[in-house]
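A.B. asks: Next up is a structure, given as C-alpha cells.
The values are calculated or read from the model by the stated rules, or taken from the named source; none is laboratory data. Here the structure is a predicted model, which is why all the values come from computation and not from measurement. No Cβ is skipped: glycine too gets one built from the backbone with ideal geometry, and neighbour counts run over all protein chains shown.
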Amino acid sequence: MMILLLIAVSMLTFAAMSFLGDPLFNILGPVAGDTENPENLAKIEAAKEQYYLDKPLPERYARWAGDFVTGDFGVQFSTDGQPPVSGLLKERLPRTLQLMLMAQFLALAIAIPWGVVTASRANGVVDRASTFTSFMFVSLPNFALAVILFYIFALKLDWLPDTYHATDPFWGLTHRHRLVQLVLPAFTLALPGASVYQRLLRTDLITTLQEDFILMARAKGVPKWRVLFRHALRPSMFSVITIFGINAGALIGGALVVEIYFRIPGVGTAIVEAVLREDFPVVLALVMVIATAFVVLNFIVDVFYTFLDPRVRR
Amino acid sequence: MAAADANNEPLLVVEDYEVGFRTERGLARAVDKVSFELDRGETLGIVGESGSGKSVLNRGIMGLVSSNRMIEDGSVLFDGGQMVNRNRQEFWGAKIGMIFQDPMTSLNPVMKIGKQIFEPLRQHLGLDKGEAETRAIELLTQVGIPEPARRIKQYPHELSGGMRQRVMIAIALAAEPEMLIADEPTTALDVTVQKYILDLLRQLQLDRGMAMTLITHDLGVARGRTDNVMVMYGGRVMEHAPTDTIFAEMRHPYTEALLASVPSLKHAKHTRLTPIPGAPPDIVNPPPGCRFSPRCKYAQPKCTEQAPELNEGEHRYACFYPVGTDASAEALEKNMAQGHTATGLKIGLAPAKAAG
Ligand SMILES: Nc1ncnc2c1ncn2[C@@H]1O[C@H](COP(=O)(O)OP(=O)(O)O)[C@@H](O)[C@H]1O
Ligand code: SF4
Ligand SMILES: [Mg+2]
C-alpha cells in the first residue's frame, strides 16, 4: 500500500519533470543548443549518455528507480554534478527535520493544554476567546504570521534572534544557537497546526466528557485535573493523531515559505531553487524524501492508535 | 459524644429536596419536594419508570449532576452535614460510592482494571502502589472475581459484562464508603447474571453495615433485597414503606400498576404483563392534581383538582383512593360502569388502552 503510494508519487513527479523542459539546457547551459560545433556535440552526446537522456522515458524511470533504492540519488544538473544530490540532502534535510520536529512538538505542547482547558469549560469566556484566536491562526497565511511574529518577538521585544546561521552550533540556549534561532520559524509553523489540533481535541474531549466512565471517575473521587488528563485525554486523541500525520504534509508547504522568510537553507529552500532551475534529480529526490517521510510518519500514527486504544490490538 | 448521638440518627435526611433543570420550555422539575430518611445499614429500593427522577435524585444528593442548567433546593443532611448547594467532591468515593447501569461504558476502556481500582485506594486511603495492589486483589476476591491477580492487568473489554459490573462494585467499595448508590446496577446485564450481582450487592451491604440505595425500574428487583421501597413518579414520591408491606399491601395505584407491568426476575415467562397506559408526565407542565391521574384507573374528579399529600408514618403514600380500601373499590366500580376515568382514560373489560 505505502510502497505503491511512493511509486505513484515518483512516477508522477518523474513524468511531470520530463515534460517541463529539456534537461540538456539545465546541464550544459546554452551549449546544449549548439549542435553545429562538433566539440559541443560531443559534450551533448556525453551528457545524454551520462544522464540516459537518449533513452525512452520508461527506461529512464526504471534506471532512476533502480539507483534511487540503492541510495544513489544521482547528480545535480545545475552544479555540474557537484555535490551529488545525496550530498545536498545530507546538508539540507537535518535543518528542515529539526524545524518540523520542533514545530510539531510545539503544536502539540500548545494544543493539548489549550484543548483540555477549553473543553472543560466549553462555551465559557475562555473558550469563546480561544475559538476566535484559533480561527485567526488558521486563516492567517504563513508568511503573514511569519512577518507578525518576527516583528513582535525579534524586532520589537528582541526575545528571539532574527537570523538563522547554518554554521552556528545547534544545542544551546543563546541567540548564537540554532535551537533558539529555530523557535520563531517553528512557532510560525506550529500555531496554525496547534489551532487545528486544539479544535479537534476540544470537540473529541467534549464528547468524551459525556461518557459514563468519566462520571464514574468523578464519582470515585478522582480530582478534576486527573479526570481530564488521565481519563479523558487519551481516548480523545484519535482525531488529533490522524491529522498530526496528515498535517506533516501540509507543514512541508509551510516550511517552504517559512524557510525562505527566515533564510533557513533547508529542504524547502532547496526545492524552490531546484524547481526554478528545473534541476530534475534534485526535485525528484526531494519529493521522494518528503513522500517517504510522510508515509513513514503515517505508519507510526497507525501504530500509535493501538497504544491509544487497547481494543484495537489483536 | 456527638458521634455517639449521630450514630442513632439516620445517615441521610432528605427534606423537600428539589432538583430542576432550566429548559427553553421552562423549569423541568426532575425531583419535586422529595423527603425521606436513610438509616445506617439500610437498603432503600428506589423504584419508578424511566424518567421518574431516580437518577437525578441520587446524583443530586451526591452533587454529581453535571449540568450548569441545574438548580437545587431543600435540605439534604448527610451525617448531619448540609449537602445542598455546596461542592460535595470530598464525599465522592470516600463517603458515598456509586455504581452505574452500564458496566460496558462505565469503566475506562483504555485503562487497566488494576489502575482503575488503585485510584480510589490511593486517593482516599493513601495507600502506596504495593498496598493498593494487595487491597485491589482482596476487593476483587470479595466481589467474586476469579484470578484477580491476572484480572488487574487486563482491560475492561477482556471481561464479560457481569465481571465488569463486579469490578465496578469493587471500585465503588474500595474506600469503604458509608453509603452506596447503585443506579440500575443490573439493567444492562443478562438476566441470568442479574440475580448474582443483586445478591452480591445485598451481601456486601449487609457485611459492611453500609447504607445503600438500589435504584431500579423493576419492583421485583427490590423484593427480598431491600429493607424499604420508595416509589417515584414524575419526580415525586408516590409510596414509601417497608419492602414486605409494599408487596403485601401496596396502597398506591401506581405501585400496583408498576408491579403488573414489569416482568419479575423470578417468573419472567409465566406472568401476563399489563403495561401502564399512557406515558410518564411532562415534568415541565405536569398534569393538574395527582400526577398519575391521566393513567390511573381509579381517578376521580377530585384527583384532577387537588394533589394528594404524602401521609406521615412508616407506610407513606399519596393517594385519595388507596388500593385495598373501600374508597378505591367504589372509585373503580364507578369508572368501570361509565367506561372511563375522570381523566377520560377508557377502561372496561376490554384491555385498557391509552386515551389520547
Ligand atoms: N441534565 C439534564 N438536563 C435536563 N433534564 C434532565 C437532565 N438530566 C435528567 N433530566 C430529566 O430529569 C428527569 C428524570 O431523569 P432521571 O432521573 O434520569 O430518570 P430515571 O433515573 O428515573 O430514569 C427526566 O425527565 C430527564 O429528562
Ligand atoms: S386514585 Fe387519584 S390520587 Fe390516587 S393515584 Fe389515582 S389519580 Fe392519583
Ligand atoms: Mg436512571
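A.B. asks: Against the definition (within 16 Å of ligand 1 (Cβ to nearest atom) and farther than 25 Å from B:F78 by Cα), how does B:A149 come out, yes or no?
C.D. replies: Considered against the rule, which asks whether it is within 16 Å of ligand 1 (Cβ to nearest atom) and farther than 25 Å from B:F78 by Cα, B:A149 comes out as no.
A.B. asks: May I pose another question? So is B:A279 more than 14 Å from chain A (Cβ to nearest Cβ), away from ligand 3 (no atom under 16 Å from the Cβ), over 15 Å from the mean Cα position of the chain (by Cα) and of a type outside the set (S, T, N, Q) or not?
C.D. replies: Details: more than 14 Å from chain A (Cβ to nearest Cβ): yes; away from ligand 3 (no atom under 16 Å from the Cβ): yes; over 15 Å from the mean Cα position of the chain (by Cα): yes; of a type outside the set (S, T, N, Q): yes.
So B:A279 fits the description; yes.
A.B. asks: Which number in (1) out of contact with any Leu (no Cβ under 7 Å at 6 or more places or on another chain); (2) at negative phi marks the one condition that A:D158 misses?
C.D. replies: The failed condition is (2).
A.B. asks: Moving on to the next point. Taking B:V65 and the conditions (1) touching a helix residue (DSSP H, G or I) at 6+ places or on another chain (Cβ under 7 Å); (2) within 16 Å of ligand 2 (Cβ to nearest atom), which numbered condition does it fall short on, given that it satisfies the others?
C.D. replies: Result: B:V65 fails condition (2) only.
A.B. asks: Looking only at residues that are β-branched (V, I, T) and modelled with pLDDT of 95 or more in segment B:153-190, which one is nearest to ligand 3 (Cβ to nearest atom)?
C.D. replies: Once the filter is applied, the top-ranked residue is B:I181.
A.B. asks: If B:V323 meets every condition in (1) part of a loop (DSSP other than H, G, I, E, B); (2) β-branched (V, I, T); (3) at pLDDT 95 or above; (4) within 30 Å of B:E24 (Cβ to Cβ) apart from one, which number is that one?
C.D. replies: The number of the failed condition is (4).
A.B. asks: Name the residue that is farthest from the chain's Cα centre (by Cα), counting only residues in segment B:107-156 that are exposed (fewer than 14 other Cβ atoms within 10 Å of the Cβ) and within 13 Å of chain A (Cβ to nearest Cβ).
C.D. replies: The selected residue is B:K153.
A.B. asks: Name, by its number, the condition in (1) surrounded by fewer than 18 Cβ atoms within 10 Å (Cβ to Cβ); (2) at pLDDT 85 or above; (3) more than 27 Å from the chain's Cα centre (by Cα) that does not hold for A:T118.
C.D. replies: Only one criterion is unmet by A:T118, namely (1).
A.B. asks: Confirm whether A:L157 is more than 30 Å from A:E211 (Cα to Cα), assigned by TED's automatic domain parsing to the domain that holds A:L297 and free of Cβ contacts under 8 Å to residues at least 12 places away in the same chain.
C.D. replies: Details: more than 30 Å from A:E211 (Cα to Cα): yes; assigned by TED's automatic domain parsing to the domain that holds A:L297: yes; free of Cβ contacts under 8 Å to residues at least 12 places away in the same chain: yes.
Criteria met by A:L157.
A.B. asks: Tally the residues that are near ligand 2 (Cβ under 8 Å from one of its atoms) and among the charged types (D, E, K, R), restricting the search to segment B:298-342.
C.D. replies: 1
A.B. asks: Which residues, taken from segment A:193-213, are farther than 30 Å from A:A255 by Cα, surrounded by fewer than 21 Cβ atoms within 10 Å (Cβ to Cβ) and not hydroxyl-bearing (S, T, Y)?
C.D. replies: Answer for segment A:193-213, where residues must be farther than 30 Å from A:A255 by Cα, surrounded by fewer than 21 Cβ atoms within 10 Å (Cβ to Cβ) and not hydroxyl-bearing (S, T, Y): A:I206, A:L209, A:Q210, A:E211, A:D212.
A.B. asks: Which residues, counting only those in segment B:45-93, are among the charged types (D, E, K, R) and within 16 Å of ligand 1 (Cβ to nearest atom)?
C.D. replies: B:E49, B:K54, B:R59, B:R69, B:E72, B:D73, listed by residue number.
A.B. asks: List the pairs whose first member sits in segment A:291-312 and is more than 25 Å from A:L12 (Cα to Cα), whose second member is surrounded by fewer than 16 Cβ atoms within 10 Å (Cβ to Cβ) and of a type in the set (K, R), and whose Cβ atoms are under 6 Å apart, counting only residues at least 6 apart or on separate chains?
C.D. replies: A:T306/A:R313
A.B. asks: Among helices (runs of 4 or more DSSP H) lying entirely in segment A:198-284, which contain 3 or more residues that are of a type outside the set (S, T, Y) and more than 14 Å from chain B (Cβ to nearest Cβ)?
C.D. replies: A:238-261, A:267-276
A.B. asks: Among the listed residues B:R25, B:R69, B:R86, identify the single one that is more than 22 Å from B:M232 (Cβ to Cβ), basic (K, R) and surrounded by fewer than 19 Cβ atoms within 10 Å (Cβ to Cβ).
C.D. replies: Only one candidate qualifies: B:R86.
A.B. asks: Counting only residues that are out of contact with any strand residue (DSSP E or B) (no Cβ under 6 Å at 6 or more places or on another chain), within 13 Å of another protein chain (Cβ to nearest Cβ) and either among the charged types (D, E, K, R) or away from ligand 3 (no atom under 15 Å from the Cβ) (or both), how many does segment B:48-87 have?
C.D. replies: Matching residues across segment B:48-87 total 4.
A.B. asks: Output the residue which, of all residues in segment B:92-106 that are within 7 Å of chain A (Cβ to nearest Cβ) and in a loop (DSSP other than H, G, I, E, B), is surrounded by the most Cβ atoms within 10 Å (Cβ to Cβ).
C.D. replies: B:G93
A.B. asks: Does A:G71 satisfy the criteria of being exposed (fewer than 15 other Cβ atoms within 10 Å of the Cβ), at pLDDT below 80, closer than 16 Å to A:A285 by Cβ and of a type outside the set (D, E)?
C.D. replies: For A:G71, the condition - exposed (fewer than 15 other Cβ atoms within 10 Å of the Cβ), at pLDDT below 80, closer than 16 Å to A:A285 by Cβ and of a type outside the set (D, E) - is met.
A.B. asks: I'm told B:L204 meets every condition in (1) touching a residue at least 40 places away in the same chain (Cβ under 8 Å); (2) part of a loop (DSSP other than H, G, I, E, B); (3) away from chain A (no Cβ under 14 Å); (4) more than 30 Å from B:P280 (Cα to Cα) except one. Can you identify the failing condition by its number?
C.D. replies: Going through (1) touching a residue at least 40 places away in the same chain (Cβ under 8 Å); (2) part of a loop (DSSP other than H, G, I, E, B); (3) away from chain A (no Cβ under 14 Å); (4) more than 30 Å from B:P280 (Cα to Cα) one by one, B:L204 breaks only (2).
A.B. asks: Assuming B:N87 fulfils every condition listed in (1) more than 30 Å from B:D190 (Cβ to Cβ); (2) at pLDDT 95 or above apart from one, which condition is it?
C.D. replies: (2)
A.B. asks: Checking the condition at negative phi, more than 24 Å from the chain's Cα centre (by Cα) and in contact (Cβ under 8 Å) with a residue 60 or more places away in the chain, which residue from A:S134, A:S130 passes?
C.D. replies: Just a single option satisfies the conditions, and that option is A:S130.
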